[in-house]
Every structure is written in C-alpha cells, then in structure tokens.
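FYI, it's all coordinate maths here, none of it is from the lab. Since the structure is predicted, the reported quantities are computational estimates derived from the model, not experimental observations. Cβ placement follows ideal geometry from the backbone for every residue including glycine, while neighbour counts extend to all protein chains displayed.
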Amino acid sequence: MAHVHGNPGPGGWGTILMYKDNKKEMSGGNPQTTNNIMEITAVIEGLKALKFECEVEVYSDSAYVVNAFNNHWIDGWRKNNWKNSSKDPVKNRELWEELYDLTKKHKVTFIKVKGHSDNEYNNRCDELARNAIKNI
C-alpha cells in the first residue's frame, strides 16, 4: 500500500508479511516520489524481505501493479524493449525490472483488493504508509 501527498510529493509505503501466526510490518518513505513508485516499492520490499524461495500471495489495492502481472502487461513491455502500447518508454523501468526478477525467484500470485475498504490489512498498510511520510 502506498500514500503520496501530492503526486509527485512526499510518499510512503507499507507492507505486511504474514506466515501462519507470524506477522512482520515494514514501511518506508521518500520526500519526493509518486504513488506508482511507492506501490511498486511496497511489493519489492516485501518480496526482498523473504529469506528463501516462497509461494507468495500479494494483496494490493494498486490496479497498476496487479494488472501489470495478471494482464501480462510486463511481458509485453519486456518483449517491446520496455515500451508501452503507445510506444512510449515504460515509467519506473528499473523498479519494474527489479519486481519482475523477484517474481521469478518466488512463485507470486497477485490479488487485487479494494482500497480504503474494510480489508483490515490493507487499511493497516495505509496507516504504515501515512506514518512513514510523517517520519521523512
């Protein structure tokens, strides 16, 4: 989950790793960023924290991140030398490449959740992201 004041502007991300009864919360921020950068970063940081190859379900309210994988946009971007369907360079290519590499290290399933709803973990990630902005 990400939150940005202005776009671009100060932004934060939050992620929660859960396995059985274990839960680890992580967050971070940047004084000048975009919502998309923070959304991608939240997933990257969560996957980077895994100590060994895992089957992972990533729940995100970011249609941009989820659709990039579930609708195979990222495969098209890679095939077309990181150009989108409009033939423009894909923004945040370095982050997308890092995330793509992490999805090859782990077996990752992306699941879209509704933002700002009754999903307690999504709401907690939003709170983590907002607090990260305060700590910049």
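Figures for the structure shown
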{"item": "Theoretical FRET efficiency, 1/(1+(r/R0)^6), r = Cβ-Cβ of GLU120 and CYS54, R0 25 Å, to 0.05", "result": "0.65"}
{"item": "Full-extension gain in nm, LYS79 to ARG130, via 0.36 nm per residue minus C-alpha separation", "result": "14.8 nm"}
{"item": "Residue pairs, from the table LYS51/LYS114; LYS23/LYS48; LYS20/LYS51, whose Cα atoms sit over 19 Å apart", "result": "LYS51/LYS114"}
